[in-house]
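For reference, the structure is listed below as structure tokens.
The values are calculated or read from the model by the stated rules, or taken from the named source; none is laboratory data. This one's a predicted model, so the numbers in the text were calculated from it and none came from an experiment. Cβ coordinates were reconstructed from backbone atoms using ideal geometry, including for glycine residues, and neighbour counts include every protein chain displayed.
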Amino acid sequence: MADPLGAVLDIFADVMGERAPRGAETVPDDLEMWTSLTHVHLIHEVESRFGIMLPEKYLLQHGSLADLAAAVRSLGA
């Protein structure tokens, strides 16, 4: 299974309209446009593209993109 981090970074760029400024370590505080609404959109796109359902806590926790990729990996995607 390939590491999902690259795909998560690509999804982030699609949703936000720009690349993650700190790569995998990017967090919501790094971008003003990373609001609660765009976070929901990001989670939805990740779930759709990987065919998974992330636990609800990922809608409420706004960690780094590396954390999001690790969650995807933990679900076997």
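Residues in segment 24-36 that are farther than 17 Å from V72 by Cα and not polar (S, T, N, Q): P28, D29, D30, L31, E32, M33, W34. Taking segment 1-35 as the range and being without any contact (Cβ under 8 Å) to a residue 40 or more places away in the chain, within 15 Å of L68 (Cα to Cα) and part of a helix (DSSP H, G or I) as the test, the residues that pass are G6, D10, I11, A13, V15, P28. Against the condition in a loop (DSSP other than H, G, I, E, B), buried (at least 16 other Cβ atoms within 10 Å of the Cβ) and either among the β-branched types (V, I, T) or modelled with pLDDT of 95 or more (or both), how does A69 come out, does it pass? Judged against the criteria, A69 is not a match. Listed by first and then second residue, the pairs with beta-carbon distance under 6 Å, at least 6 apart or on different chains, first residue in segment 41-65 and surrounded by 12 or more Cβ atoms within 10 Å (Cβ to Cβ), second polar (S, T, N, Q), are L65/T26. The set of residues in segment 20-77 being of a type in the set (D, E) and in contact with a helix residue (DSSP H, G or I) (Cβ under 8 Å, 6 or more places away or on another chain) consists of E25, E45.
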